[in-house]
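The values are calculated or read from the model by the stated rules, or taken from the named source; none is laboratory data. Treat the numbers as computed from the prediction; the structure is a model and nothing was measured. Methodologically, a virtual Cβ is constructed for each residue, glycine included, from the backbone with ideal geometry; neighbour enumeration extends over all protein chains shown.
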Amino acid sequence: QTRVGWSQQIDIYGENFPDDASVKVGTYDLASVTVLDATHLQVVVPDNIPAGQYDVTVSGAGLLDGSAAAAFEVLPAETDTLFAYPDELWAGPKVPRQYENTQIGLVVRRVGGTSPIDNLSVDFYLGDPQAGGSAIGSGTVVSLPPSTYTSTTGVDWQPTVTGLQDLFAVVKVGGTEQFVISRTVNVLAAAQDVMPPTITAFTVDGQGNSDVSTQDVNIQISAQDDDGGVGVAAIYLMEFDWNPPLGQWILAQSSGWMEYQEPLTFTWSLHWFPGTKNLIAWAADYEGNITPIGTVRWINFIPPAISINQGQVQMFAYNLSAGQSFGAISTPAFGDPDLYFGDTNTWIAHSTNPGTQIDTISLTATHDDLYTLAVYGWETSRYGLSISPSLRGPTGEDVEKPAGSQITPPNVPADTAPVTQGLPAYVPSYPVYLPLVIH
């Protein structure tokens, strides 16, 4: 998804993509298509496509077209849209088990709007309510402000059978149905050990929250089970990108369950979008118990050369204390990328020099806050970005451009984790040893 007036980079996955692949969104040919391999394309949707839902079509010389119906949506510039993701229809904090009490809920997301929604409810069902599904209960969202997301209150649920169960959520505002979403969860058998493990350490390139310049980073995670527990079995990692047009964290990729060793060390290739990313880790034990709340590390991915499209915004988060200095310099190779800097409430500085003139921001934080550096593509550009407390650059012309309203609200909530508890169940596997008989 994106909104009118916003350029957006997207990934397309499939099979047998040719080296000369071209892509259409509806009837609009996309000029920027990168073929990573026969299963993965990276494309740029420009900022001038009207609102609507569009088929996405991939073509190649001598091949039949491949198309995904209604796969991309452009929302109006002034929109008020509710939606949810299936994997955020959650069950927890404990893993669902037969005859044991747990709770279910749904993360409801909103794009746009002008005032809070105060009368939002979600009805939960076991099975499709249109096909005889049984009602479980109703959760509420006390208040859902514009361009944000939150979870409903938890609804008690006691599964009576094990195995795969289909949960449905019917989202209503003022009693009027808005949409329905569903998810399949795995109900486990009862177990003696029902306490989940805990993440005790989580670093990215040996650090916590930090800037990284390479796509491949080294991740190290340690976890421990409760006293008397069955032991830590696996780790699950999710990577989220901040999506400025939607004002939402968007799942970029996930690891699946990885077998645990103490500590678990591995190389992770970041999703290709520059900007602030949230990495979240969970642990599971051999009884299938999963950490109810993931451990979060946020990083800024700043590659040496960054491409940005006209109308696109890239955001980087910085936690500054009062009196702390901050400096940023953008050096364009071509195009015209501009810099904006703000706290959680408003933009407080900008540098909008024309063309390939260097843009710079240098200031001292007046209060403790999570600040945001935003790069806006006034034109399609390629640039380098340097961050340092002592950076000072040339003043330049700093011409006025009507881009500031395009990138509000200014803050990236890097220290607020994406609300997700919809992890796949961890089903432990055990080796079976058979006797070797030689005749």
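Of all residues in region 181-214, those satisfying the criterion of being touching a residue at least 24 places away in the same chain (Cβ under 8 Å), among the β-branched types (V, I, T) and more than 24 Å from R297 (Cβ to Cβ) are I181, V185, V187, V194. Here is a check on your reading of the model: is E78 part of a strand (DSSP E or B), among the charged types (D, E, K, R) and surrounded by fewer than 16 Cβ atoms within 10 Å (Cβ to Cβ)? In short, no. Applying the condition of being of a type in the set (S, T, N, Q) and either in contact with a helix residue (DSSP H, G or I) (Cβ under 9 Å, 6 or more places away or on another chain) or touching a residue at least 24 places away in the same chain (Cβ under 8 Å) (or both) to region 49-75 and asking which residue is surrounded by the fewest Cβ atoms within 10 Å (Cβ to Cβ) yields S59. For region 12-36, which positions are modelled with pLDDT under 90 and outside any loop (DSSP other than H, G, I, E, B)? If the condition is that a residue be modelled with pLDDT under 90 and outside any loop (DSSP other than H, G, I, E, B), then V33, T34, L36 are the ones that fit. Taking the listed residues S429, S351, S390, S381, the one that is surrounded by 18 or more Cβ atoms within 10 Å (Cβ to Cβ), over 25 Å from the mean Cα position of the chain (by Cα) and at pLDDT 65 or above is S351, with no other qualifying.
Taking region 231-310 as the region of interest, the strands (runs of 3 or more DSSP E) fully inside it that hold 1 or more residues being modelled with pLDDT of 90 or more, of a type in the set (S, T, Y) and within 14 Å of the chain's Cα centre (by Cα) are 248-254, 275-285.
Of the residues in region 84-98, how many are farther than 17 Å from M238 by Cβ and among the aromatic types (F, W, Y)? Residues flagged as farther than 17 Å from M238 by Cβ and among the aromatic types (F, W, Y) within region 84-98 amount to 0. Being surrounded by 14 or more Cβ atoms within 10 Å (Cβ to Cβ) and in contact with a Pro (Cβ under 8 Å, 6 or more places away or on another chain) narrows it down to one residue among S210, S222, S254; which is it? Among S210, S222, S254, only S222 is surrounded by 14 or more Cβ atoms within 10 Å (Cβ to Cβ) and in contact with a Pro (Cβ under 8 Å, 6 or more places away or on another chain).
Of the listed requirements (1) crowded, with 21+ Cβ neighbours inside 10 Å; (2) more than 27 Å from I250 (Cα to Cα); (3) polar (S, T, N, Q); (4) at pLDDT 90 or above, T331 misses just one: (1).
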